[in-house]
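Comments concern the structure below.
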Amino acid sequence: MRGLLPVLAAATLLLAGCSNRERANPFDPLNPNTSGRPAGFVAVAGDRQVRLSWQAVQGNNLIGYQIFRRDRFSSTYGAITGVLGLGTTSFLDFPLPNGTEFAYRLYFVFTSGPGNRPAEDVATPDQAVPWLIEGGGSDLVQITPDDRRVATRRGGYGSTTDLGVNPSDGTVWVTDEGFGRVVVYAPSTGVTVSIPGFNRPRAVAVDPFDGSAWICDVGQDLVYHYKANGDPASLPIAPLNDPVDAAVDGLDGSVWVIELAGDRVGRYDIGGPIWQRAVPDPSRVAVDSTTRDGWITSYTNGTVTHLSVSGQPIATLTGFVSPLGIAVDARRGRIWIADPGASRVVALRRDGSEEFRLSGLADAGELGVDLDTGDAWVVLGDPGQLARIGSDGVLERVLTGLRSPIAVSVDPGGR
């Protein structure tokens with residue numbers, strides 16, 4: 001009997017080894033990494049297109065892959081490709097209608113035919129391009145228009161603090177406090193311009209008419225004005241006291257500047273100040289391109305101040321906890337306000353009345369609006385999320401897995 005024990009033990013180990021090898025088979029339904037499906041399958045939405053990608057594998061009798069698609073109007077999936085070769089790891093589905101959700105399935109194809117366990121994903125193409133930065137981050141992050149995935153990460157920054165997109169051409173401006181510079185990136189050409197010489201660049205406001213931008217440098221108490229090619233556009237605005245935010249009036253190119261420590265809001269052009277008004281503890285400012293009025297949040301005081309284009313007080317709105325980010329949808333007459341202390345976003349009409357609110361949005365700090373659709377994107381810093389809210393006030397989707405996002409700006413696209 002004792003002589004049989006080593007034999008039985010060896011047989012047991014042999015069987016266990018065979019079992020482990022079977023589980024390593026990517027086509028095995030019990031494989032812990034693939035579940036028998038093609039691995040790494042993702043659908044990344046873009047403008048009128050969805051890019052599909054996956055990981056290549058090798059195996060006996062495997063001859064390739066095949067993709068099937070279904071839209072919301074269909075009850076069944078239909079093939080959109082023939083058999084794709086073993087070396088193929090991506091496919092561009094184009095052209096597609098924007099705003100329609102598509103569901104995809106990727107199958108292994110064997111010599112005996114398609115497998116029966118597809119990988120699946122969904123995507124909704126659209127023309128908006130949301131960009132965001134993360135707290136002290138080293139990346140400029142592009143999000144898919146359906147807010148389902150990170151499309152790209154562009155690294156090389158020291159410590160990002162703000163960004164702004166020119167809605168006319170899609171150029172992205174990023175303030176990089178870590179390296180004391182501002183970076184201008186043109187996605188259409190891939191050209192990047194680095195503008196040095198800043199101390200603590202904190203905020204950027206882009207002029208959609210001429211493509212220039214105003215940059216608040218709290219380290220020097222100045223607001224600089226630069227062209228997208230890196231040349232100065234005008235002399236800096238000075239003296240200032242802690243300029244933390246700015247917004248451009250697209251009609252005449254004047255700029256509204258917030259001075260946090262100075263308890264002041266001012267409107268300036270390239271010749272100097274037009275007017276300056278006292279506003280206690282101002283935090284952020286946004287300009288209505290239709291009325292040309294300005295809207296100013298105060299995180300400390302829990303208020304939103306409405307000023308006319310001439311700087312005259314119109315209203316001071318209360319009922320907020322700590323309002324911070326603010327954006328104006330001039331086409332719809334809507335003012336979006338992020339209130340992180342209350343974990344909510346509030347939408348106001350121009351008369352200051354509330355249109356709707358969304359609660360349960362933890363640490364909703366800054367936001368950006370798609371000028372075409374009216375949808376808003378809101379960064380939720382502490383959960384590391386980006387929420388997309390439809391123009392009807394419905395929470396459409398929340399993207400998770402981000403690294404403490406602090407700012408977002410949306411290119412409406414469509415050019």
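The values are calculated or read from the model by the stated rules, or taken from the named source; none is laboratory data. All values reported here derive from a predicted model rather than from experimental measurement. Using ideal geometry, Cβ is built from the backbone for each residue, glycine included, and neighbour counts are taken over all protein chains shown.
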Has the range 296-303 got at least one residue that is among the hydrophobic types (A, V, I, L, M, F, W, C), under 26 Å from residue 412 (Cβ atoms), at pLDDT 95 or above and part of a loop (DSSP other than H, G, I, E, B)? no
Looking at this structure, is residue 173 among the aromatic types (Phe, Trp, Tyr), crowded, with 23+ Cβ neighbours inside 10 Å and under 18 Å from residue 398 (Cβ atoms)? no
Kindly evaluate residue 115 against the criterion of being touching a strand residue (DSSP E or B) at 6+ places or on another chain (Cβ under 8 Å) and modelled with pLDDT under 95. yes
Criterion: part of a strand (DSSP E or B) and either acidic (Asp, Glu) or touching a helix residue (DSSP H, G or I) at 6+ places or on another chain (Cβ under 8 Å) (or both) - qualifying residue of 175, 152, 161: 161
Would you mind stating whether residue 229 is modelled with pLDDT of 95 or more, surrounded by fewer than 17 Cβ atoms within 10 Å (Cβ to Cβ) and closer than 18 Å to residue 138 by Cα? no
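Residues checked against (1) under 22 Å from residue 175 (Cβ atoms); (2) in the same structural domain as residue 365 (by TED's automatic domain parsing); (3) more than 13 Å from the chain's Cα centre (by Cα):
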{"residue": "80", "(1), (2), (3)": "no, no, yes"}
{"residue": "109", "(1), (2), (3)": "no, no, yes"}
{"residue": "118", "(1), (2), (3)": "no, no, yes"}
{"residue": "134", "(1), (2), (3)": "yes, yes, no"}
{"residue": "138", "(1), (2), (3)": "yes, yes, yes"}
Yes or no: the range 245-262 includes at least one residue that is over 25 Å from residue 315 (Cβ atoms) and surrounded by fewer than 16 Cβ atoms within 10 Å (Cβ to Cβ). no
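Taking the stated definitions as given, is residue 103 in a strand (DSSP E or B) and in the same structural domain as residue 78 (by TED's automatic domain parsing)?
Considered against the rule, which asks whether it is in a strand (DSSP E or B) and in the same structural domain as residue 78 (by TED's automatic domain parsing), residue 103 comes out as yes.
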Which listed residue is assigned by TED's automatic domain parsing to the domain that holds residue 250, in contact with a Ser or Thr (Cβ under 7 Å, 6 or more places away or on another chain) and not hydrophobic (A, V, I, L, M, F, W, C), from 221, 217, 176, 210: 176
Residue 287 - would you say it is among the hydrophobic types (A, V, I, L, M, F, W, C), touching a residue at least 60 places away in the same chain (Cβ under 8 Å) and either surrounded by fewer than 17 Cβ atoms within 10 Å (Cβ to Cβ) or more than 18 Å from residue 218 (Cα to Cα) (or both)? no
Long-range neighbours under 6 Å by Cβ, at least six apart or interchain, first residue of a type in the set (Phe, Trp, Tyr) within the range 344-368, second surrounded by 14 or more Cβ atoms within 10 Å (Cβ to Cβ): 356/347; 356/393
Of all residues in the range 384-398, which are of a type in the set (Gly, Ala, Ser) and either free of Cβ contacts under 8 Å to residues at least 24 places away in the same chain or surrounded by 23 or more Cβ atoms within 10 Å (Cβ to Cβ) (or both)? 384, 387, 390
Does residue 183 meet the test of being more than 19 Å from residue 285 (Cα to Cα), assigned to a strand (DSSP E or B) and assigned by TED's automatic domain parsing to the domain that holds residue 306? yes
